[in-house]
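The values are calculated or read from the model by the stated rules, or taken from the named source; none is laboratory data. The shown structure was predicted, so the numbers you read here are calculated from the model rather than taken from an experiment. No Cβ is skipped: glycine too gets one built from the backbone with ideal geometry, and neighbour counts run over all protein chains shown. Heavy atoms of the whole protein, side chains included, go into the accessibility calculation; ligands, DNA and RNA do not. Shrake-Rupley method; radii C 1.70, N 1.55, O 1.52, S 1.80 Å.
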Amino acid sequence: MDGIIHSYNPKSATGIIRTKDGQKFPFRRADWHESRAPRRNDRVDFQAEGEKATDVCFFQKENKAAPQAARTSALKSVAPLDFGLVAGGYALVFLSAAIFDVFFNMIKLDANDIAGLFVILDILVIIAWISGSKFKVTRGVATFWAVAVTVLALVLLARHAIKGTS
C-alpha cells in the first residue's frame, strides 16, 4: 500500500502512516527498511497486516523538475577548460610538426611562423600557470618547451646581433 508518514517519534521508535483514503496504520522502527530514520511527510510503501504496517519502505518523491536538475548538475560536473592540458597538448603537437618539418620539409614553416606559434605556446603556458591546472605534467612539458625555445630564440637573436655588428 502507499501512504505518508503522519508522525514519527524517534524516542519510542514508533510512527503512524496515513493512506490517501485516511486510514492510519502504526509502525515500528524495526519494520522500517531504510538506512535513514523515517520523517514526517515521507511517502512510503508498506504491507498492511491487520491494523499495523510492516515492511515499510521509503518512496522517492516524484519531482517534475528532476530531469532539469539532472541536466544542470551534469553541466556543472563538466570541468572548465584546463589550460595546463591545452598548453601541453599544443606543445606536443607543435613540436611534433616542427620536428616533422625539419626532417621532411613538407609544412615549410619559416622563422616567423615558428615565432608566432611559440608566442601562442608562451601565452597558453602563462594562462595555465595563472589559472592553475589539474594537469601539472602537461603544463610542465609545455613550460619546459616554452622556456627552452624562448632561450634558444634569444641565443639565436644574440648571435645574429653579434654577427651583424662585426
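Check Ser131 against each of (1) open to solvent by 70 Å² or more (accessible area, probe 1.4 Å); (2) more than 30 Å from Lys24 (Cα to Cα); (3) within 36 Å of the chain's Cα centre (by Cα); (4) at pLDDT below 70 and name the one condition it does not meet. Ser131 satisfies every listed condition except (4).
Screening region 134-150 for residues that are open to solvent by 80 Å² or more (accessible area, probe 1.4 Å) and part of a helix (DSSP H, G or I) and picking the one that is modelled with the highest pLDDT gives Phe144. Here region 80-92 is the region considered, the condition is being surrounded by fewer than 17 Cβ atoms within 10 Å (Cβ to Cβ) and more than 11 Å from Ala142 (Cβ to Cβ), and the residue that is modelled with the highest pLDDT is Leu81. Ile4 passes every criterion in (1) open to solvent by 60 Å² or more (accessible area, probe 1.4 Å); (2) assigned to a strand (DSSP E or B); (3) of a type outside the set (Gly, Ala, Ser); (4) closer than 10 Å to Val56 by Cα apart from (4).
This table checks each residue for (1) under 41 Å from the mean Cα position of the chain (by Cα); (2) over 14 Å from Thr54 (Cβ atoms).
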{"position": "His6", "(1), (2)": "yes, yes"}
{"position": "Gly15", "(1), (2)": "no, no"}
{"position": "Arg18", "(1), (2)": "no, yes"}
{"position": "Gly22", "(1), (2)": "no, yes"}
{"position": "Pro26", "(1), (2)": "no, no"}
{"position": "Arg36", "(1), (2)": "yes, yes"}
{"position": "Arg39", "(1), (2)": "yes, yes"}
